[in-house]
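Throughout, read-outs are computed from the coordinates displayed, never taken from laboratory work. Computed from a predicted model, the values in this text were never measured in an experiment. Neighbour counts run over all protein chains shown; Cβ positions are idealised from the backbone, glycine included.
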Amino acid sequence: MIPNTFDYSAPAHLKDALELMANGGKPLAGGMSLIPMMKLRLASPEHVVDVGRIAGLNTIREADGKLHIGANATHYDVESSALLQGKCPLLAETAAAIGDIQVRNRGTLGGSVAHADPSADYPAALQALEASIVLTSASGTRTVSAANFFVDTFTTALEPGELITEVVVPVEAGLTGTSYQKFLQSASGFAVVGIAARVRREGGRITLARIGVTGVSGTSYRALKAEQALEGKAGSDADIAAAAALVGEGVEASADLHASAVYRMHLASNYAARAIRAALSKCA
Ligand SMILES: Cc1cc2nc3c(=O)[nH]c(=O)nc-3n(C[C@H](O)[C@H](O)[C@H](O)COP(=O)(O)OP(=O)(O)OC[C@H]3O[C@@H](n4cnc5c(N)ncnc54)[C@H](O)[C@@H]3O)c2cc1C
């Protein structure tokens, strides 16, 4: 339980952190995942670059009609942000569902997204929100959609030397309702299955349906067949049940000590129905 020896830097400026990372430095944010991995020697970085002291990297702001959340915003910052609660409640609700208060006070949005645990909560919400992940390195900045960012188990589109600097989500209109529902592992709080639903109903018909899924398989995904089944419908109980039954369509469910593949699929449909129903109830 003792990590290998490593060098440690805590730069105050983004430029300095990116330079250290260009030379092989490994970013450390809240340390809630990286430190245990180092202690278990699943990770042995030679140089740890603590990005937690970089000014401005935890800002949550509205600009250009979108919400920009700095990567260093803790889960508690996201959960308690009045701006997010009012204009993107799905993200605040999802942050509040993570782990316990200690984890939410230390863990960060950027760290969780970069870690890409297949049972992490944020990926479901970011898929449903069609979020953008902003990646910065010493040679520039690029933006990747959530759909393209989460590649596989603990695998993302991040290239060596790149730091997530912010996550960008839409400002939700009044006609949109959202909900995150999860069946959790009682020991850690991680999602055995987590479903984020985002729906818009106009003139009695669902005009937009986005459903993000975490926990079911090796990586998060959007349940496109379920979304298609909902769009154009009124949102009756039968419409919800038909869509929820499609949430695992084309996906190979994981099996582990927490749930068999069959049980996971059962949970996914069940929690999809709950999330869709709750989201529809919030449409203005
Ligand atoms: C007891 C416990 C319970 C938990 N329960 C849950 C839960 O219910 N749901 C859930 O979703 N999560 C849960 N977590 C995980 C938690 O959310 C972590 O905070 C998160 O996975 C990692 O965030 P961090 O800021 O601590 O990152 P760190 O541990 O510092 O880093 C994690 C990884 O991300 C990289 N990294 C960090 N920041 C950046 C960045 N800005 N750009 C690029 N790479 C970066 C690091 O190099 C490392 O590879 C739990 C953790 C613990 C310890």
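In Å and whole numbers, how far do the C-alpha atoms of the stretch 60-169 stretch along each principal axis, longest first?
34, 32, 23
Quick check on the exposure proxy: order Cys88, Cys283 from fewest to most C-beta atoms within 10 angstrom.
Cys283, Cys88
Could you tell me the number of lysine pairs in the stretch 1-118 with C-alpha atoms less than 26 Å from each other, where the two lysines are 8 or more residues apart or belong to different chains? Show your work: numbers first, answer last.
Working: Lys15/Lys26; Lys15/Lys66; Lys26/Lys39; Lys66/Lys87.
Here the count comes out as 4.
Alpha carbons only, please: Rg and Dmax for the stretch 104-216, in angstrom.
Values for the stretch 104-216 (Cα only, Rg and Dmax): 15.1, 50 Å.
Using only alpha carbon positions, build the gyration tensor of the stretch 176-281, then give the equivalent ellipsoid semi-axes as the square roots of 5 times its eigenvalues, largest first, whole angstrom.
24, 13, 10
If you rank Asp7, Asp16 by fewest surrounding Cβ atoms within 10 Å, what's the result? Can you show the working numbers first?
On the way: Asp7 11, Asp16 14.
In increasing order of surrounding Cβ atoms, one gets Asp7, Asp16.
Cα centroids of the stretch 1-26 and the stretch 150-219: how far apart, whole angstrom?
For the stretch 1-26 versus the stretch 150-219, the Cα centre distance is 30 Å.
How many percent of Cα pairs in the chain exceed 24 Å?
Percent of Cα pairs beyond 24 Å in the chain: 49.
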